[in-house]
Amino acid sequence: MKVIVNDRELDLPPGTSAIDAVFQAGYDVPYFCSQEYMSPIGACRLCLAKVGAPRKDRATGEWILDEETGEPKVFWFPKPMATCTTAVMEGMVIDTKCQETKNAQKSMMEFTLINHPLDCPVCDKGGACELQDRAYEYGEGVSRFDFDKRHQEKHHALSPLITLDRERCIHCKRCVRYFEEIPGDEVLDFIERGGHTYIGTLDDGLPSNFTGNITDICPVGALLDATSRFRGRNWEYRHTRTTSTDDSSGSAIMVDSRTGRIERIKAARHTRINHDWIDDGTRFGHEYADAEDRLKTPLIKKDGTFQEATWEEASAFISDKLQATKNVGVAIRADATLEEAVGAAALADHLHGTYDYYPKTPAAITPSATPATLDDVATSNALFVLADVTEEVPIVDLRIKDALKGVTPPEPMAHGIPIADLRLKEHMPKKTAILSVAAPYQVDLMKYAGRTITYSAGHEAALLRALLATAKGNTADVDGLSIDQNLGIDQNLGIDHELGIDQDGLSALVKQLQDNDDAVIVYGGWVLASAEASELANQLAKVTGSKVLPLAPMANSRGLEVIETATGDVLEDASALILSNLNPARASHFVNHRKTLDLLVVHDTFMTETAELADVVLPAKTGYEKEGTVVNLEGRILPLNAVPVDSGTSEDFTGLVKALGDAMGTRLAGRSVRSARRALKETLGFDLADLPSEGMLPENLPTQHHGRPASSEKSANAVIVPTMSRPEYLSRNPRLQIAQGALALRVNPADAHKHGLTAHERVKIDVSGVTRRLVIKTDERVPAGVSLVPAIAEQPCGLARVDFASARPDPVMPVPPVQTDAGTMTAEVGD
Ligand code: SF4
Ligand code: FES
């Protein structure tokens, strides 16, 4: 479609907005209400421009020609048009330079500023404010309105995490539309009319898991991140784009730091992964990196007490001990980088020991069926989700909601993602019929699903076998499966062995998967906890022609399958251990096992229960401070870039390998990111040093998975469930903890009564041999007889046994209260 913008002619596809035509041509118009990935609504009227188009004669169907030039005559629209809601037409002419356009934009800017307080010198958005920038570019510099401006609340706590300055709001409606269109949680709206209009919520707080994104898209300083408010000016921040290690999505984040501290995290755009969004756990879960009690120097235990040491002294001490030790185990957490894993494997190899990572699922993350990408999910017309995806990998929840809109994600134009995608509308009907969600309890995504299946906990394999039998036409097999399975759930606690779906439902779900060649099966930790269930999910995908997306439990769970690991359980089998970011000492059997260990080295960010038992403690960098590479759940290889944080002498595992190698007089592979990449080049077939900032999705990643046997819980009465926030750091992220609540043991009220537990009580309780510190939460939606326990690295998703008789009061830990705009708040404490 031929379009002329000022002096430039473009060829654009039909449906392109006039604003995108302007930017595509390399020109500019101001705008506030339009926002990439959201519907254009024409609210702010800043993008006005003089627009015209030729017309056809209704009688002849021929273009009406200009008598002088003989070309189709341009008929100018009577008023300047909002370019964001105007679709281009054949021969359209857009004039952004004429006086008429300039007058319209200048007037709208003056109008927008009528009630804006212009308190830029004390506003956190100053220096990075769309209104400030556009007012300089397109404003008159003076106002003809000299009456008093509107006065409204300036410190309204929308939640413990977000503060609203109602005076600064220019009513662009981005935040309101965001909640409705992206997470689908309608928790914010305009209240009152005209000049009295303000943003507000009828609910208490913002009941959504994706609230922080409104602070990124607010074009003024009205919505602000409460963790960073008043801490620094935008020009003082060092901006580091990196990959989040909070979950396996590989979401792009921008970490803003200053004087060695992380001040805030914002979403960075990744067009294939998270678009412009991140969940609240990822955004607000960084305060632990600056916690006062962070380990910053190595410690060596002498005569029962730790003494500070240098890395050289600590390494020499470890090296000496290792000389007399056999059977060394080296174990890292599954959010370690590929480079750290190379170092860990090389260290174990040098010591003739074994290397492994935790949590490692019994089933391989790398699927045997055709793997799906996040874009495959977002464009699917048949989605079967067997997981609590919102807690497990929240970005997948948002990409599923993309699919419910029925609009394919926009492709970037020359100027980036379209500013106004005219296919998107406010309050679009959601195609809920394409979504089926199965879980052992009511999960958040079920609100948006056309078909929900609430099966008895632990019956993932039975459900998948029933679906597979249906897909193969063996429905006779299905009846037997639904009744006779005994998967270890304690029947005394009243659990029915049900699949939560009848034969008609099974058939309809299978037919939907078979009928759509873009079908995707998404499965999470409960399926990965069983090699059988995982194999059945992949078989079901193959039989129905679906793709699969396994939700890897941690940031690099998929990547670590590239490197050969131990076949047994390093934590159980070794006689000396080097552990990175693992805390097995909450399990009593590890405490006993510790007594038999010749050496325990712990590399961690905080003094954990396991670190307390160690001979040597080494300070560890957090995921924000590392340089390296991770592989997300799609198999996409993504870079980590180091944020400058004052973490003392902390090192990542490659630093530990270098220090130990130096002490032992050897140069190990993985002693630096560079040396690890040399080793990885042979495995991967390409050099990670050449990785583009957006990462890459190789055709095939090699895999070496040796599953660890599933927990053999014989009388389970609990499900280990995923959590959006990193459990190991939650108590050091006080604002996030206030907003999301402490780690909880969720029980049905009847069960709480039966076991003598009361809501909000803090308890220490034994969960399959691990002492957990949890707050009791009663919830009608939790099935009777099954309690829900949050997963940790040492206790991943699956079944467990809660020993209610072991519950004992947990003394209140001294948590500093947090000053929020809603007053002083204190967090409940969990693990
Ligand atoms: S608070 Fe910000 S995003 Fe929301 S309507 Fe006001 S200016 Fe727009
Ligand atoms: S009217 Fe707001 S961007 Fe067009």
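Matching residues to (1) in contact with a Cys (Cβ under 8 Å, 6 or more places away or on another chain); (2) surrounded by fewer than 21 Cβ atoms within 10 Å (Cβ to Cβ); (3) modelled with pLDDT of 95 or more:
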| residue | (1), (2), (3) |
| --- | --- |
| Pro418 | no, no, yes |
| His427 | no, yes, no |
| Tyr441 | no, yes, no |
| Thr454 | no, yes, no |
| His459 | no, no, no |
| Leu463 | no, no, no |
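Has region 382-397 got any residue that is outside the structural domain of Ile637 (by TED's automatic domain parsing), more than 27 Å from Pro698 (Cα to Cα) and part of a loop (DSSP other than H, G, I, E, B)? Scanning region 382-397 turns up at least one residue that is outside the structural domain of Ile637 (by TED's automatic domain parsing), more than 27 Å from Pro698 (Cα to Cα) and part of a loop (DSSP other than H, G, I, E, B).
Here Val176 meets the list (1) free of Cβ contacts under 8 Å to residues at least 24 places away in the same chain; (2) more than 9 Å from ligand 1 (Cβ to nearest atom) almost entirely, failing just condition (2). Based on this model, can you work out whether Ser208 counts as more than 10 Å from ligand 1 (Cβ to nearest atom), open to solvent by less than 10 Å² (accessible area, probe 1.4 Å), at negative phi and not charged (D, E, K, R)? When the stated conditions are applied, Ser208 does not pass them. Among the residues of region 759-769, the ones that are surrounded by fewer than 21 Cβ atoms within 10 Å (Cβ to Cβ) and either of a type in the set (A, V, I, L, M) or closer than 14 Å to Ala805 by Cα (or both) come to 6 in all.
Close Cβ contacts (under 7 Å, 6 or more residues apart or on different chains) running from residues in region 380-404 that are at pLDDT 95 or above to residues that are hydroxyl-bearing (Ser, Thr, Tyr) and assigned to a helix (DSSP H, G or I) comprise Asp397/Thr390; Lys401/Tyr448; Leu404/Thr432; Leu404/Tyr448. Looking for something in a loop (DSSP other than H, G, I, E, B), over 30 Å from Gly406 (Cβ atoms) and within 12 Å of ligand 2 (Cβ to nearest atom) - is there at least one such residue anywhere in region 9-27? Within region 9-27 (the criterion being in a loop (DSSP other than H, G, I, E, B), over 30 Å from Gly406 (Cβ atoms) and within 12 Å of ligand 2 (Cβ to nearest atom)), the answer is no, since none of the residues qualifies.
Of the strands (runs of 3 or more DSSP E) lying entirely inside region 540-655, those carrying at least 1 residues that are surrounded by fewer than 24 Cβ atoms within 10 Å (Cβ to Cβ) and outside the structural domain of Tyr358 (by TED's automatic domain parsing) are 547-550. Checking every residue in region 426-445 against the condition of being outside any strand (DSSP E or B) and within 15 Å of ligand 2 (Cβ to nearest atom) gives at least one match. Scanning region 215-266 for residues that are under 24 Å from Tyr729 (Cα atoms), within 16 Å of ligand 1 (Cβ to nearest atom) and among the hydrophobic types (A, V, I, L, M, F, W, C) yields Leu224, Ala226. Pro298 passes every criterion in (1) more than 19 Å from Gly741 (Cα to Cα); (2) surrounded by fewer than 24 Cβ atoms within 10 Å (Cβ to Cβ) apart from (2). One residue stands out among those in region 160-187 that are over 22 Å from the mean Cα position of the chain (by Cα) and of a type in the set (A, V, I, L, M): the one that is least open to solvent (accessible area, probe 1.4 Å), which is Leu164.
Scanning region 56-78 for residues that are under 28 Å from Ser107 (Cβ atoms) and either touching a Cys at 6+ places or on another chain (Cβ under 9 Å) or free of Cβ contacts under 8 Å to residues at least 24 places away in the same chain (or both) turns up Val74, Phe75, Pro78. For region 706-751, residues that are open to solvent by 40 Å² or more (accessible area, probe 1.4 Å), more than 24 Å from Asp803 (Cα to Cα) and over 23 Å from the mean Cα position of the chain (by Cα) total 1.
Anything in region 39-60 that is surrounded by 17 or more Cβ atoms within 10 Å (Cβ to Cβ) and within 11 Å of ligand 2 (Cβ to nearest atom)? List them, or say none. Matches in region 39-60: Pro40, Ile41, Ala43, Cys44, Arg45, Leu46, Cys47, Leu48, Ala49. Inside region 66-102, residues that are within 21 Å of Asp11 (Cα to Cα), open to solvent by 90 Å² or more (accessible area, probe 1.4 Å) and outside any loop (DSSP other than H, G, I, E, B) make up a count of 1. Among the residues making up region 127-156, a single one is open to solvent by less than 30 Å² (accessible area, probe 1.4 Å) and under 28 Å from the mean Cα position of the chain (by Cα): Cys129.
The values are calculated or read from the model by the stated rules, or taken from the named source; none is laboratory data. Remember, it's a predicted structure, so these values are computed and weren't measured experimentally. All Cβ positions, glycine included, derive from the backbone under ideal geometry; neighbour counts span all protein chains shown. Surface areas here come from the heavy atoms of the whole protein model, side chains and all, with no ligands, DNA or RNA. Shrake-Rupley method; radii C 1.70, N 1.55, O 1.52, S 1.80 Å.
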